[in-house]
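First comes the structure, then the notes that go with it.
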Amino acid sequence: LLLDEPSRGLDHELRLDLYRIVREVRERYQIPILLVTHDRDEAFQLGDRLLIYQAGHIVQEGPAERVFVAPRNPAVARLLGYSNVFTAAVERLDPAAGTSRLRVGNTLLTLGYLPGRLLGDRVEFCVPPHCVRLGPGENQIDVELADTAKLPSTVSLFFRAEGFDAPI
């Protein structure tokens, strides 16, 4: 079954009905369904496996949850809705401790070990919105509130930080 942007133009209630019907068809008939969509929430709700295309080539594929948790590159991360994508320089690598220290502007951040990287390498990384915490803790960044975006069920906060080239 091929579905090309099946929920485009549908209101929220009809969209939910469509998702329920697609799940029922998939379970009842056990047939492959190819869903083409630009809606990441739709892809995650309906897709077992995702194929991310860019410029006519597959740039990442795998189980939906794995693709969302570990985007392969900054372009895929942004496509999946990660706005916190940054460039940093590797300042310290400690394989024994399993850590790496990255510098973004005047800020040092500790991340997991980055095998295959050398001191001074430029790396890009993303911070999923659900991993951002306000208050004391590791990897603190001094920020200033820049903007807010309100939706019925969420509020997004955008911060500016010295040395970061994009809002956090």
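The values are calculated or read from the model by the stated rules, or taken from the named source; none is laboratory data. Since we're looking at a predicted model, the values are computed, not measured. Here the Cβ positions follow ideal geometry from the backbone for every residue, glycine too, while neighbour counts run over all protein chains shown. Each accessible area value is taken on the protein alone, full model and side chains, heavy atoms only, with ligands, DNA and RNA left out. Shrake-Rupley method; radii C 1.70, N 1.55, O 1.52, S 1.80 Å.
Observations on the structure shown:
- Averaging the Cα positions of each part gives two centres, and for the range 1-46 and the range 127-145 these lie 35 Å apart.
- Looking at the chain alone, DSSP beta bridges between its own residues are antiparallel in about 90 percent of cases.
- Surface accessible to a 1.4 Å probe, per residue, for the residues of the chain, Å²: 70 Å²
- Low-density loop cleavage sites - chymotrypsin sites (Phe, Trp or Tyr not before Pro) in the range 17-111, where at most 10 other Cβ are within 10 Å (DSSP): none
- Solvent-free Debye scattering, log10 I(q)/I(0), computed from the Cα coordinates of the range 4-104 at q = 0.10 Å⁻¹: -0.41
- The trypsin sites (Lys or Arg not before Pro) of the range 110-165 that DSSP puts in a loop, and whose beta carbon has at most 15 other beta carbons within 10 Å, are ARG117, ARG133.
- Each of PRO115, ILE58, LEU93 was scored by the projection of its Cα onto the charge dipole of the range 42-117, and the greatest displacement toward the positive side belongs to LEU93; charges sit on the C-beta of Lys, Arg, Asp and Glu.
- Cα-based Rg of the range 52-168 normalised by 2.2 N^0.38 Å, two decimals: 1.16
- Carbon + sulfur, % of accessible area of the chain - ligands and nucleic acids excluded, 1.4 Å: 53 percent
- CD proxy at 222 nm, helix term only [per DSSP H run n ≥ 4: -39500 (n - 2.57); per residue of the chain; nearest 500]: -6500 deg cm²/dmol
- Cα centre as origin, Lys/Arg/Asp/Glu Cβ charges: the chain dipole, Debye: 320 debye
- Placing +1 on the Cβ of every Lys and Arg and -1 on the Cβ of every Asp and Glu, with nothing else charged, gives the range 55-105 a dipole about its Cα centre of roughly 140 debye.
- All Cα-Cα distances of the range 102-148, cut into 10 Å bins from zero to the largest, leave 17, 54, 24, 5 percent in each bin in turn.
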